[in-house]
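The values are calculated or read from the model by the stated rules, or taken from the named source; none is laboratory data. This one's a predicted model, so the numbers in the text were calculated from it and none came from an experiment. Methodologically, a virtual Cβ is constructed for each residue, glycine included, from the backbone with ideal geometry; neighbour enumeration extends over all protein chains shown.
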Amino acid sequence: MQSKVHVRTAINGEPAEFLCEPRQSLLECLRDLCNLTGTKEGCNDGNCGACTVEMDGRIVTSCLVLGVEAEGAQIGTVEGLARGTELHPLQKAFLENAALQCGICTPGFLVAAKALLEQEPEPSEARIRLWLANNLCRCTGYDKIIRAVQQAAREMKEARP
Ligand code: FES
Ligand code: FES
């Protein structure tokens, strides 16, 4: 067995640390070592986007990132969206638009869409579709997801001072 590596990082704004094998993915570390099971495994080869998280301000597929690469990084997962019992506008909009069925893809869509709205608060429909093109959904047909992101963008705009 390979010796383990002590990784110190920050997850959703809180200091975090874990002991992982050098071969373990960030996805495995989040789910199996940090008990953050909101991030989902779909393909485990970089194609579906279910495992999307933020890492130092960029969205990454965590199945393709090694856990040891999280050393010193800022990681954002779907668990960081809600504020206590207050859902993020994207989470509310996904529920209101029935933009999920089985839910496996949903955390990845939420994390990716949040990053988009932080960078581009008023994206066009074409821009939303392009941004989310790396996130696959087998259930919804995508339109409800796009409507949800548009609704969240509108509500976030109205909430800005
Ligand atoms: S599980 Fe990582 S891209 Fe599919
Ligand atoms: S809701 Fe099932 S894959 Fe998207």
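Points worth noting:
- Hey, Val60 under 15 Å from Thr106 (Cβ atoms), aliphatic (A, V, I, L, M) and not assigned by TED's automatic domain parsing to the domain that holds Ala113 or not: no
- Filtering region 5-27 to residues that are away from ligand 1 (no atom under 11 Å from the Cβ) and not in a strand (DSSP E or B) leaves Asn12, Gly13, Glu21, Pro22, Arg23, Gln24.
- Region 129-141, subset hydrophobic (A, V, I, L, M, F, W, C) and surrounded by fewer than 17 Cβ atoms within 10 Å (Cβ to Cβ), residue farthest from Thr52 (Cα to Cα): Cys139
- Any hit, region 129-137, residues being within 11 Å of ligand 2 (Cβ to nearest atom) and closer than 26 Å to Glu14 by Cβ: yes
Every residue, every condition in (1) outside the structural domain of Glu21 (by TED's automatic domain parsing); (2) crowded, with 22+ Cβ neighbours inside 10 Å; (3) farther than 24 Å from Ile11 by Cβ, yes or no:
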position	(1), (2), (3)
Gln74	no, no, no
Ala93	yes, yes, yes
Gln101	yes, no, yes
Glu120	yes, no, yes
Arg127	yes, no, yes
Asp143	yes, no, yes
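- Residue match in region 91-107 (condition: in a strand (DSSP E or B) and away from ligand 2 (no atom under 15 Å from the Cβ)): no
- Per the listing Leu81, Leu87, the residue uniquely hydrophobic (A, V, I, L, M, F, W, C), free of Cβ contacts under 8 Å to residues at least 40 places away in the same chain and closer than 18 Å to Gln119 by Cβ is Leu81.
- If you filter region 47-88 down to residues that are in a loop (DSSP other than H, G, I, E, B) and under 14 Å from Glu28 (Cα atoms), you find that the one that is farthest from the chain's Cα centre (by Cα) is Val65.
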